[in-house]
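Asker: Quick one: this structure, given as structure tokens, is what I'll be asking you about.
The values are calculated or read from the model by the stated rules, or taken from the named source; none is laboratory data. Model, not experiment: these values are computed from the prediction. FYI the Cβ positions are ideal-geometry reconstructions off the backbone, even for glycines, and counts take in every protein chain you see.
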Amino acid sequence: MPKAYALDDPSAPKFPKKFDIVKKAVLQKTDLNKNNNKYYALELHSPSAKTKKVFRVFTHYGRTDDLERNAEAGKRECRYFATQPEAEAFYDKLYGQKTSRAKGYKELSLASSKIGSKGARGQSVGELDAKTLGKGKKAAKKKAAKKKVSKARSRKKLVPGLSRLVDYIYSEATTALTKTVQAKITANGIETPLGILTLGQIDKGQAVLDSILDELKRSRTRKAKLRELSGEFYTLIPHRLGRSRRAIETAVIGSKTAYVEKNDTLQLMRDMLQVSGDSNVLYDGGAADQYEALGCEIKPLAAGSAAFKKWSKHVLDNQLSRGIKIKNIYTLKRPSEHKAYRKLSNERHLFHGSSLRNWVGILSRGILLPKVVVGMGGTRTDEGWLGHGIYFGSESCTAVNYTYPGKQGTRMMAICRVALGKVKRYRAITYGLTKPPRGYNSCHGISCSDDDESEFDDNEYVVYDTRQQRLEVLVEFK
């Protein structure tokens, strides 16, 4: 093993200040069994000037948690070689050791690295996915035009009610993300202590999370396997885990509720990257820029208007127990959703609730078909009593169970136009549905209050095609 010198060791062999980075990798390892949360940056350096050739393998390693408090944390070492093949052979050997099953490090794909040598910082590392490369190319093309656009945008102003809503939902999404994930929002994207996450890196985390779901579906889940997969997930998507044994135990993704929370976090990351686009509205955009990035037409309704009264009545008349206090109502229109909407017979205005953190995503890309349905306000942790569809309630209080209050103490639910068509009625919980039975367009779980023999607590309507619903109204309430 070649001698390792500290980066600034005066006794180390002379190496030019200007050098090329021939190879580089950023590795990460989270092991919940051993309370490990470590990074390892590895680089192969070659002199760029025509001087006496000496080659260097540079390493930078330490505990990931430390980088959040001190960006310069960690140990930096260099090993020197007379020829490039010797240096490359050692680099490959070291990389192989670290990524072996015994060591368990995983290579990360970062749009911009924050660790390693000064020359590597700010550069991409790992295998960049097509989506991230596409964002980079678009950003380069639009850089010149952006100045003109920003001037025009700066003159735009939103009405106070709309401006407050936009500030509110973006703040909730940003806070939820940065509290959970070891990251912050910067001008370049979602930045972890190791660097800027790519969409491809999020997809890698999703693949591991889906393996956790497969394990949770087993008749007998293996706790050791869940710990192993949880560590692998945190290796790919750095989280704030804490160092205590209790914090590590809590971090194990050992239930479907925990799975849904992490799945929502990954979706939130995708949503935030998507709305940020090439203009970084999450970091340096005002409310007008952020509203434009949503791609959804939102109009506040005056409290005394006929439309406000109409939708208020719809909400309040359809609550089984009194308690909803309406604060604001907005009409919604997502142009792409309206264009794709499948108009069928039997249309109804039904309710759909979600946590405040999710509304940036919902308004920008619509309601997604979930893998698992969980009531955030209740005890439900199943996979959806009528399978994998989009769930709506005919009673507003049903949607309330899926909402969660934000910093301002309010919650939000949508009123959607839903094309139910021919409805298959169910009294018994039926797992695993991915579409309605032949000859039907949707499913209805009948409330036990309407039918003593029913297993459903509330009236639940389910569609399995996103084109059968569209957002029309957003209700902010307490």
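Asker: For the stretch 1-58, which residues satisfy the criterion of being more than 30 Å from A111 (Cβ to Cβ) and either at pLDDT below 90 or under 27 Å from the mean Cα position of the chain (by Cα) (or both)?
Answerer: M1, N33, K50, T51, K52, K53 - these are the residues of the stretch 1-58 that are more than 30 Å from A111 (Cβ to Cβ) and either at pLDDT below 90 or under 27 Å from the mean Cα position of the chain (by Cα) (or both).
Asker: A further question follows. Restricting to the stretch 34-55, give me the number of residues that are among the basic types (K, R), touching a strand residue (DSSP E or B) at 6+ places or on another chain (Cβ under 7 Å) and not in a strand (DSSP E or B).
Answerer: 1
Asker: Looking at the stretch 19-31, can you tell me whether even one residue there is without any contact (Cβ under 8 Å) to a residue 24 or more places away in the chain and either more than 30 Å from I248 (Cα to Cα) or not hydrophobic (A, V, I, L, M, F, W, C) (or both)?
Answerer: Within the stretch 19-31, none of the residues are without any contact (Cβ under 8 Å) to a residue 24 or more places away in the chain and either more than 30 Å from I248 (Cα to Cα) or not hydrophobic (A, V, I, L, M, F, W, C) (or both).
Asker: Hey, does the stretch 50-63 have a residue that's touching a Lys or Arg at 6+ places or on another chain (Cβ under 8 Å), within 30 Å of E249 (Cα to Cα) and aliphatic (A, V, I, L, M)?
Answerer: The answer is no, given that none of the residues of the stretch 50-63 is touching a Lys or Arg at 6+ places or on another chain (Cβ under 8 Å), within 30 Å of E249 (Cα to Cα) and aliphatic (A, V, I, L, M).
Asker: Next question. Is there a residue being surrounded by fewer than 23 Cβ atoms within 10 Å (Cβ to Cβ), modelled with pLDDT under 95 and in a loop (DSSP other than H, G, I, E, B) anywhere in the stretch 352-362?
Answerer: No, the stretch 352-362 has no match at all.
Asker: Go through the stretch 448-464 and report how many residues are closer than 16 Å to Y431 by Cα and either touching a helix residue (DSSP H, G or I) at 6+ places or on another chain (Cβ under 8 Å) or modelled with pLDDT under 95 (or both).
Answerer: Residues meeting the conditions: 5.
Asker: Output the residues belonging to the stretch 367-405 that are modelled with pLDDT of 95 or more, surrounded by fewer than 22 Cβ atoms within 10 Å (Cβ to Cβ) and among the small types (G, A, S).
Answerer: Within the stretch 367-405, just S394 meets the criteria.
Yes/no matrix, rows are residues, columns are (1) of a type in the set (V, I, T); (2) outside any helix (DSSP H, G or I); (3) closer than 28 Å to N36 by Cβ:
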| position | (1), (2), (3) |
| --- | --- |
| T59 | yes, yes, yes |
| G62 | no, yes, yes |
| E68 | no, no, yes |
| E72 | no, yes, yes |
| R76 | no, yes, yes |
| Y95 | no, no, yes |
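Asker: While we're here: Can you pull out every residue in the stretch 317-330 that is surrounded by 14 or more Cβ atoms within 10 Å (Cβ to Cβ) and over 26 Å from the mean Cα position of the chain (by Cα)?
Answerer: If the condition is that a residue be surrounded by 14 or more Cβ atoms within 10 Å (Cβ to Cβ) and over 26 Å from the mean Cα position of the chain (by Cα), then N318, Q319, I324, I326, K327, N328, I329 are the ones that fit.
Asker: Do we find that V418 is at pLDDT below 90, among the β-branched types (V, I, T) and crowded, with 20+ Cβ neighbours inside 10 Å in this structure?
Answerer: Criteria not met by V418.
Asker: Find all pairs meeting these conditions: Cβ atoms under 6 angstrom apart; at least six residues apart or on different chains; first residue within the stretch 44-57 and free of Cβ contacts under 8 Å to residues at least 40 places away in the same chain; second residue loosely packed, with under 13 Cβ neighbours inside 10 Å and assigned to a loop (DSSP other than H, G, I, E, B).
Answerer: Sorted first by the residue in the stretch 44-57, then by its partner, the pairs are S48/K18; A49/K18.
Asker: Okay, moving on. Might you let me know whether the stretch 180-195 holds any residue that is of a type in the set (K, R), more than 21 Å from the chain's Cα centre (by Cα) and either modelled with pLDDT of 85 or more or more than 30 Å from S46 (Cα to Cα) (or both)?
Answerer: No, every residue in the stretch 180-195 fails to be of a type in the set (K, R), more than 21 Å from the chain's Cα centre (by Cα) and either modelled with pLDDT of 85 or more or more than 30 Å from S46 (Cα to Cα) (or both).
Asker: Moving to a separate point now. Would you kindly identify the helices (runs of 4 or more DSSP H) lying entirely within the stretch 226-307 that contain at least 1 residues that are at pLDDT 95 or above and more than 15 Å from S364 (Cβ to Cβ)?
Answerer: Here the list is empty.
Asker: Can you pull out the residues in the stretch 76-87 that are in contact (Cβ under 8 Å) with a residue 24 or more places away in the chain and more than 37 Å from the chain's Cα centre (by Cα)?
Answerer: Result: R79, Y80, F81, A82, T83, Q84, E86, A87.
Asker: Which residues, counting only those in the stretch 156-177, are in a helix (DSSP H, G or I) and modelled with pLDDT under 85?
Answerer: Scanning the stretch 156-177 gives no hits.
Asker: Return yes when T64 is modelled with pLDDT of 95 or more and more than 20 Å from H45 (Cα to Cα) and no when it is not.
Answerer: No, not satisfied.
Asker: Identify, from the list G409, G445, the residue that is modelled with pLDDT of 95 or more and under 27 Å from the mean Cα position of the chain (by Cα).
Answerer: G409
Asker: Quick check on my filter: what residues within the stretch 445-470 are over 13 Å from R342 (Cα atoms) and either in contact with an Asp or Glu (Cβ under 7 Å, 6 or more places away or on another chain) or in a helix (DSSP H, G or I) (or both)?
Answerer: If the condition is that a residue be over 13 Å from R342 (Cα atoms) and either in contact with an Asp or Glu (Cβ under 7 Å, 6 or more places away or on another chain) or in a helix (DSSP H, G or I) (or both), then G445, S447, C448, D458, N459 are the ones that fit.
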